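Quick notes on the structure that follows.
The values are calculated or read from the model by the stated rules, or taken from the named source; none is laboratory data. Model, not experiment: these values are computed from the prediction. Cβ atoms come from the backbone with ideal geometry, glycine included; neighbour counts cover every protein chain shown.
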Amino acid sequence: MVQQVVAGLSCLVPAQAVAEAHRCLMCHDAPCTAACPAGVDVMHFIRALRFDNPRRALEVIRRTNVLAGICGAVCPKERLCEGACLRNALRDPIRIGALQTFAAAHEMAHPRRAARAGGPSSDAPAVAVVGAGPAGLAATDALVRCGARVTVFEAREAPGGMLAYGVPEARMPYAFVNAEVSPLLARPGVELTPGRALGRDFSLDDLFSRGFRAVFLGVGLWKAARLAGVSEVPGVLHALPFLEAAARHARFHGPPPAVGPRCLVIGGGSVALDSAEVALRSGAREVEVVCLENTDEMPATREDIAGAWQRGARFFNRRRVTRLQRGPDAFFLIETIGIRWKEPGRFVPDNAEDLPGTEARLVADTVIVAIGQAPDPDVVRALSGLKRDARGLVQVDPETGATSVAGVFAGGDCASGCGRTVVASVAEGRRAGLAIAAHLGLRPPTGPYEPALPRGVVS
Ligand SMILES: Cc1cc2nc3c(=O)[nH]c(=O)nc-3n(C[C@H](O)[C@H](O)[C@H](O)COP(=O)(O)OP(=O)(O)OC[C@H]3O[C@@H](n4cnc5c(N)ncnc54)[C@H](O)[C@@H]3O)c2cc1C
Ligand code: SF4
């Protein structure tokens, strides 16, 4: 199939995009939009593409999703817009994600001259955004459109959050992330301050005493969840630091991650399969994945499972690791047992029951635990004044992102938990950005392609 490569990512060519847009039924109550966490007006952006107007299509998408191209590529579309598309009943759904990425890629290939003047006035209220991941970037976009001045404080050296330091390069080239994110951060009124971490370099009180009128927290979850009896064995790796090392190697000249020829990954989500994929690309000859779920129960997308399968990963489904120890020659000896679900349809560890007689042993020289993420302890300490739930997540009003402390808002993984999506974080960041603007008495600009106020936000 003919494709163009823009900023490292394969995209549709214009003729394909127009032809695909012509397949759309232009549904009146478009279920694709209802299924999009960011509420992208799919029918209208596809109509613009039909008339060969990718710029207008991108304006429609960016009205509610500032990471249009990235989400088009990494969203689990079969569970969202494409899963809801009425074309499924006829044959194939519209390739909504590919069309969305095409619109963003067209803009990257034919950039408009950036505005050098304009932007918020010097007496506009200043807002601090902590974390330059999808939630922080979406909050920044909404705030600056409403006329606030925004300073983004980012702990790492580059923006993008998990898109820069988690999602593997083979799935989402950083050149593409950078091409979508840089114009937002270069807008008048936005300043990025990399290498500055909440808890390490400044506190919430410091931000208010420096004159910021409100704070948005989009710090994500950066501590790998631990598996009792496994994580504490010396030499066992965890997905997040492993993937961060691989991302730094691919993108920022870091050393390569160390992987032996036989690798075992524990977990059944997309992060586990990303770890399997990166292990295979980093020199592992065999990769085995052990997880509680059957293939159709795994949280990973069908695309990720099929990809890992095709690249040679072996799956041990409905099985759990009971014991892991170091054997001779630095090998790990892993004991596993088959499980069944006590209560059907509830695929969580405390619902798993061991099946005696199904014990099996595995051997590996690299073990990667990929069972989820938790809040960073430094961030938890820095946010000790905020109400948090039992998992350490920041408690927020779901409509506005307001926390228990006046003027402090939060969204994305740090408030909603792990195992979620880029687009959900974008939606929460945008919602909170608009709520902060309303809290500061700023009115969002009006016009057909400006962000509408979500429910619960009173201007
Ligand atoms: C390996 C992996 C693969 C994934 N693949 C997909 C996918 O294919 N599709 C999909 O939709 N979702 C995917 N996800 C989920 C998605 O990436 C997250 O849900 C999303 O990035 C969360 O956005 P966020 O802005 O809340 O947090 P993050 O993306 O985690 O960004 C938080 C930012 O805050 C910064 N930060 C942290 N602590 C501090 C501090 N103390 N001070 C200042 N800054 C700080 C971090 O450096 C980071 O830049 C994946 C997640 C992982 C881990
Ligand atoms: S549901 Fe499918 S066919 Fe209908 S408007 Fe959305 S993309 Fe087009």
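Quick notes
- Within the stretch 352-371, tally of residues that are in contact with a helix residue (DSSP H, G or I) (Cβ under 9 Å, 6 or more places away or on another chain) and either β-branched (Val, Ile, Thr) or surrounded by fewer than 22 Cβ atoms within 10 Å (Cβ to Cβ) (or both): 5
Table: residues versus (1) under 16 Å from the mean Cα position of the chain (by Cα); (2) at positive phi.
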site	(1), (2)
GLY131	yes, yes
ALA148	no, no
PRO159	yes, no
ALA164	yes, no
PRO188	no, no
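- Answer residue from the stretch 353-385, given it is of a type in the set (Ser, Thr, Tyr) and in a loop (DSSP other than H, G, I, E, B) and is farthest from ligand 2 (Cβ to nearest atom) among those: SER384
- Near pairs, Cβ below 6 angstrom, 6+ apart or cross-chain, from the stretch 75-98 (closer than 18 Å to ALA19 by Cα and near ligand 2 (Cβ under 10 Å from one of its atoms)) to any residue that is among the β-branched types (Val, Ile, Thr) and not in a loop (DSSP other than H, G, I, E, B): GLU82/ILE96; ILE96/VAL42
- Options LEU207, LEU243: the member that is of a type in the set (A, V, I, L, M), closer than 20 Å to GLY411 by Cβ and within 14 Å of ligand 1 (Cβ to nearest atom): LEU207
- Positions within the stretch 312-351 being of a type in the set (A, V, I, L, M), surrounded by 13 or more Cβ atoms within 10 Å (Cβ to Cβ) and in contact (Cβ under 8 Å) with a residue 60 or more places away in the chain, in sequence order: VAL321, LEU324, ILE334
- ARG95 vs. criteria of a type outside the set (Gly, Ala, Ser) and either closer than 24 Å to GLN3 by Cβ or in contact with an Asp or Glu (Cβ under 8 Å, 6 or more places away or on another chain) (or both): yes
- Conditions (1) farther than 30 Å from ALA437 by Cβ; (2) at pLDDT 95 or above: number failed by ALA197: (1)
- Close Cβ contacts (under 6 Å, 6 or more residues apart or on different chains) running from residues in the stretch 280-300 that are in a helix (DSSP H, G or I) to residues that are surrounded by 22 or more Cβ atoms within 10 Å (Cβ to Cβ) comprise LEU280/VAL287.
- Of everything in the stretch 198-212 that is part of a loop (DSSP other than H, G, I, E, B) and small (Gly, Ala, Ser), the residue that is farthest from GLU154 (Cα to Cα) is GLY211.
- Looking only at the stretch 289-311, and only at residues there that are modelled with pLDDT of 95 or more and touching a Leu at 6+ places or on another chain (Cβ under 8 Å), the one that is surrounded by the fewest Cβ atoms within 10 Å (Cβ to Cβ): VAL290
- Residue match in the stretch 136-144 (condition: free of Cβ contacts under 8 Å to residues at least 40 places away in the same chain, of a type in the set (Gly, Ala, Ser), within 29 Å of GLU78 (Cβ to Cβ) and within 16 Å of ligand 1 (Cβ to nearest atom)): no
- Qualifying residue in the stretch 45-67 (condition: within 12 Å of ligand 2 (Cβ to nearest atom), modelled with pLDDT of 95 or more and either under 21 Å from ARG430 (Cβ atoms) or touching a Ser or Thr at 6+ places or on another chain (Cβ under 7 Å) (or both)): yes
- All conditions in (1) within 11 Å of ligand 1 (Cβ to nearest atom); (2) touching a strand residue (DSSP E or B) at 6+ places or on another chain (Cβ under 7 Å) hold for ALA155, with the sole exception of (2).
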